[in-house]
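Read through the structure below, which is laid out as structure tokens, and then see the notes.
The values are calculated or read from the model by the stated rules, or taken from the named source; none is laboratory data. Given the structure is predicted, the values throughout are model-derived calculations rather than measurements. Please note: Cβ atoms are built from the backbone with ideal geometry, for glycine as well, and neighbour counts cover all protein chains shown.
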Amino acid sequence: MSEKFPSKWQVIQDDIHADCRIFEVHKRKMLRESDQKEGEFYVIETNDWVNVLAMTQEQEIILVRQFRYGTEQYSLEPPGGVIERGEDPIVAGQRELLEETGYSGKNPKIIGNVFANSAIMSNRCHFLFLTDVEKSAEVSFDPHEELETVKVSIDKLKDLVRSGQISHSIGVNAVFHLMMELGIV
């Protein structure tokens, strides 16, 4: 069975629709090459992100509980944040873990990455895995952050996702990548 791959779209105009401090909304006029059909689309341009899967010697994963403004609810998820332009995702992840939890670890490696929401966003989220993490500093939150550090046994992660306690889509994806890395799935 042979399927024709969909036609490529070309950006023919790109204007900043809104500058929202941590991201820009772009209004793009695009052209589909196959039939010359044009359309207008909105795309959120922002830096890449990193989520940190930090494992203690006791096989616990460090998570954070924080208020999320979009849902107006608290979310249990891996620590993480924005990768500054030009910053290595490993360095950014280690920085975010230390700032948000006071933990640091060994053997940092990227175990995967995904597009955050390819329908409307241009950025990726990278998943950093660290082992032998331990408390090494005091937390240093950003001005609008207030986080609670939570240690969870690796064998409880599936239940936390299944029950909806971990419900942030990127956090769920990070847990899946961790389980693949550890051979659990």
Legend entry - One residue from SER118, SER122, SER104 being more than 21 Å from VAL150 (Cβ to Cβ) and touching a residue at least 12 places away in the same chain (Cβ under 8 Å): SER122
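Okay, residues lined up against (1) closer than 28 Å to ILE44 by Cβ; (2) surrounded by fewer than 12 Cβ atoms within 10 Å (Cβ to Cβ); (3) in contact with a Leu (Cβ under 8 Å, 6 or more places away or on another chain):
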| position | (1), (2), (3) |
| --- | --- |
| PHE127 | yes, no, yes |
| VAL161 | yes, no, no |
| PHE176 | yes, no, no |
| MET179 | no, no, yes |
| VAL185 | no, yes, no |
Inset, instruction - Within region 70-100, track down each residue that is under 11 Å from the mean Cα position of the chain (by Cα) and surrounded by fewer than 19 Cβ atoms within 10 Å (Cβ to Cβ). - result: VAL82
Inset, instruction - Any residue in region 128-149 that's under 8 Å from SER104 (Cα atoms) and of a type in the set (Lys, Arg): show its pairings with residues that are assigned to a loop (DSSP other than H, G, I, E, B) and modelled with pLDDT of 90 or more at Cβ separation under 7 Å, as long as the two are six or more apart or on different chains. - result: LYS135/GLY102
Inset, instruction - With respect to VAL50, determine if the residue is touching a residue at least 24 places away in the same chain (Cβ under 8 Å), more than 24 Å from VAL91 (Cβ to Cβ) and under 19 Å from the mean Cα position of the chain (by Cα). - result: no
Inset, instruction - Within region 78-95, count every residue that is of a type in the set (A, V, I, L, M, F, W, C) and assigned to a loop (DSSP other than H, G, I, E, B). - result: 1
Legend entry - Selection status of ASN117, under 14 Å from the mean Cα position of the chain (by Cα) and surrounded by fewer than 17 Cβ atoms within 10 Å (Cβ to Cβ): yes
Legend entry - Residues being surrounded by fewer than 14 Cβ atoms within 10 Å (Cβ to Cβ) and closer than 18 Å to VAL172 by Cα - total across region 51-69: 2
Legend entry - Lone unmet requirement of (1) over 30 Å from LYS135 (Cα atoms); (2) in a loop (DSSP other than H, G, I, E, B); (3) β-branched (Val, Ile, Thr) for VAL43: (2)
Legend entry - Neighbours by Cβ (under 7 Å, 6+ apart or cross-chain): first from region 78-92, within 22 Å of GLU148 (Cα to Cα); second of a type in the set (S, T, N, Q) and part of a loop (DSSP other than H, G, I, E, B): VAL82/ASN47; ILE83/ASN47
Inset, instruction - Could you check how many residues of region 109-158 are outside any strand (DSSP E or B) and over 17 Å from GLU96 (Cα atoms)? - result: 12
Inset, instruction - Kindly indicate whether any position in region 4-23 is surrounded by fewer than 10 Cβ atoms within 10 Å (Cβ to Cβ), closer than 30 Å to PRO108 by Cβ and of a type outside the set (A, V, I, L, M, F, W, C). - result: yes
